[in-house]
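Trainee: One structure, pasted below without further comment.
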Amino acid sequence: MNIEVRPVSTPSDYRQFIYLPEKIHRDHANWVHPIFLDDLDYFNAKKNKSFSYCDTVLFLAFRNGEAVGRIMGIIHHPYNAQNGEKHARFSWMECYEDPEVYAALMGAVESWARERGMTHIVGPLGFSDKDPQGFLIEGYDEPVVLASNCNFPYLVSLTEAYGFAPRTNLVVYKVPVPEVLPPIIAKIEERHRRNESGLRVVEFTSRRKVRPYIHPVLKLVNMTFTEIYGFWPYREDEMDDFANRFLYLINPRYIKAVVNREEEVVAFIVGMSDMSEGIRKARGRLLPFGWIHLVLAARRTRQLNLLLGAIHPNYLGRGLDMLMGAKILESAKQTGKTTMDSHLELEHNTKVRAEMERMGGKVYKRFRIYIKRL
């Protein structure tokens, strides 16, 4: 079949691995480039600390000397040990519509995983649930947003034909920004404004003021995300890396925290202006002047993308979800936003889904993580 699959081993291979999606998606209207500076760090074992506790491999597929596909294999040893699994993960897969190329790439990762004693392969799934996960299975006409996958439908067909079965579905809601907040939200907001609960909402005007909250916020994530499939807690030395990856893209007015009388963070929410058009115009290249497109897109967009949020278990049922929702809706409205993207939510998380639907949200994308026995 004249297909060669080999591990990435040279600087040339590495650059081909990074930039290959740009070629494959050349005529894909809704695809948005990754931010390549971010990818160059993400796939660099010297810069991404996840490589220190995971086995990894990057494969490229070539036909007649030309790169035609890529895939990453991951064995997350701490996650496997905690969950009693022997699962390998595949992620960042890209290829043309060619069953032979797909089979060659997936077969290479499967062989690599078997040699290391794994019994199953799951994916798309990266080092953690904060990486793009799942193949898009509904919503192909919608533009991609940052930190989520965008694939052609044929990649789903190839995956299922290869013998993968569904493992987990995730949904994304589009939520309208209302002209007037519902009365119940206004009541909860007023109650907290009078400080009857001893809780205080912290809002931000600069990224510098956000910095002291990064570790408390991510520690709250570690505490509350344990039931989310694929999640692994941030280590102390990874928290600043995660913040540095995204903070420069976020307007601080879309970050809200709730603290108690002891000034402990008990809830938070983070949103980001949708910059898809700016990233597309910059072709994923921030330098030397591509960043200008992102700044302009952030100002012009009418969509706010939610990235992350959590509430301490001891503070559930106190209306903090609606309070934070009210605060971020206010900021969205003040900056001309008309819709919000919920980011990925587990399909079976009925509580979160009910909140989204109570705000008028509708599912407009669906993603699927697959599993296969080796």
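The values are calculated or read from the model by the stated rules, or taken from the named source; none is laboratory data. Given the structure is predicted, the values throughout are model-derived calculations rather than measurements. Reconstructed Cβ throughout: ideal geometry from the backbone, glycine too, with neighbour counts over all protein chains shown.
Trainee: Tally up the residues in the range 219-256 that are among the basic types (K, R), in contact with a Ser or Thr (Cβ under 8 Å, 6 or more places away or on another chain) and either assigned by TED's automatic domain parsing to the domain that holds Q82 or modelled with pLDDT under 90 (or both), please.
Mentor: Total meeting the criteria: 0.
Trainee: Can you confirm whether the range 92-101 contains a residue that is at pLDDT 95 or above, in a strand (DSSP E or B), crowded, with 22+ Cβ neighbours inside 10 Å and in contact with a Phe, Trp or Tyr (Cβ under 6 Å, 6 or more places away or on another chain)?
Mentor: yes
Trainee: Criterion first (under 24 Å from R368 (Cβ atoms), at pLDDT below 95 and either aromatic (F, W, Y) or in contact with a helix residue (DSSP H, G or I) (Cβ under 6 Å, 6 or more places away or on another chain) (or both)) does V57 satisfy it?
Mentor: For V57, the condition - under 24 Å from R368 (Cβ atoms), at pLDDT below 95 and either aromatic (F, W, Y) or in contact with a helix residue (DSSP H, G or I) (Cβ under 6 Å, 6 or more places away or on another chain) (or both) - is not met.
Trainee: Just checking, which of A108, A81 is in the same structural domain as A45 (by TED's automatic domain parsing) and loosely packed, with under 15 Cβ neighbours inside 10 Å?
Mentor: After applying the criteria, what remains is A81.
Trainee: Could you tell me which of the residues L323, L304 is at pLDDT below 90 and buried (at least 20 other Cβ atoms within 10 Å of the Cβ)?
Mentor: From the options L323, L304, the qualifying one is L323.
Trainee: How do the pairs read when you match residues in the range 126-137 that are under 16 Å from V32 (Cα atoms) with residues anywhere that are among the acidic types (D, E) and part of a loop (DSSP other than H, G, I, E, B), using Cβ under 9 Å and keeping only pairs 6 or more apart or on different chains?
Mentor: L136/E142
Trainee: What is the one condition in (1) without any contact (Cβ under 8 Å) to a residue 24 or more places away in the chain; (2) loosely packed, with under 15 Cβ neighbours inside 10 Å that V352 does not satisfy?
Mentor: (2)
Trainee: Being without any contact (Cβ under 8 Å) to a residue 24 or more places away in the chain, in contact with a strand residue (DSSP E or B) (Cβ under 9 Å, 6 or more places away or on another chain) and more than 30 Å from G278 (Cβ to Cβ), is that true of even one residue in the range 111-125?
Mentor: There is no residue in the range 111-125 that is without any contact (Cβ under 8 Å) to a residue 24 or more places away in the chain, in contact with a strand residue (DSSP E or B) (Cβ under 9 Å, 6 or more places away or on another chain) and more than 30 Å from G278 (Cβ to Cβ).
Trainee: Taking into account only those residues within the range 43-54 that are more than 26 Å from G65 (Cα to Cα) and either surrounded by 18 or more Cβ atoms within 10 Å (Cβ to Cβ) or outside the structural domain of G69 (by TED's automatic domain parsing) (or both), which is modelled with the highest pLDDT?
Mentor: C54
Trainee: Among the residues of the range 141-154, write down those that are in contact with a Phe, Trp or Tyr (Cβ under 8 Å, 6 or more places away or on another chain), at pLDDT 95 or above and surrounded by fewer than 19 Cβ atoms within 10 Å (Cβ to Cβ).
Mentor: P153
Trainee: Is there a residue in the range 64-82 that is closer than 26 Å to E22 by Cα, among the basic types (K, R) and touching a residue at least 24 places away in the same chain (Cβ under 8 Å)?
Mentor: yes
Residue by residue, here is whether (1) buried (at least 19 other Cβ atoms within 10 Å of the Cβ); (2) out of contact with any Leu (no Cβ under 9 Å at 6 or more places or on another chain); (3) part of a loop (DSSP other than H, G, I, E, B); (4) at positive phi holds:
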site: R6; (1), (2), (3), (4): no, no, no, no
site: S12; (1), (2), (3), (4): no, yes, no, no
site: Q16; (1), (2), (3), (4): no, no, no, no
site: D27; (1), (2), (3), (4): no, yes, yes, no
site: N30; (1), (2), (3), (4): no, yes, yes, no
site: L40; (1), (2), (3), (4): no, yes, no, no
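Trainee: In the range 131-157, how many are assigned to a strand (DSSP E or B) and either closer than 24 Å to N222 by Cα or of a type outside the set (D, E) (or both)?
Mentor: Residues flagged as assigned to a strand (DSSP E or B) and either closer than 24 Å to N222 by Cα or of a type outside the set (D, E) (or both) within the range 131-157 amount to 3.
Trainee: When the range 116-130 is examined, which residues are found to be over 20 Å from the mean Cα position of the chain (by Cα) and outside any strand (DSSP E or B)?
Mentor: Across the range 116-130, the qualifying residues are R116, G117, M118, T119.
Trainee: If we keep just the residues of the range 219-230 that are over 15 Å from the mean Cα position of the chain (by Cα) and aliphatic (A, V, I, L, M), which is surrounded by the fewest Cβ atoms within 10 Å (Cβ to Cβ)?
Mentor: M223
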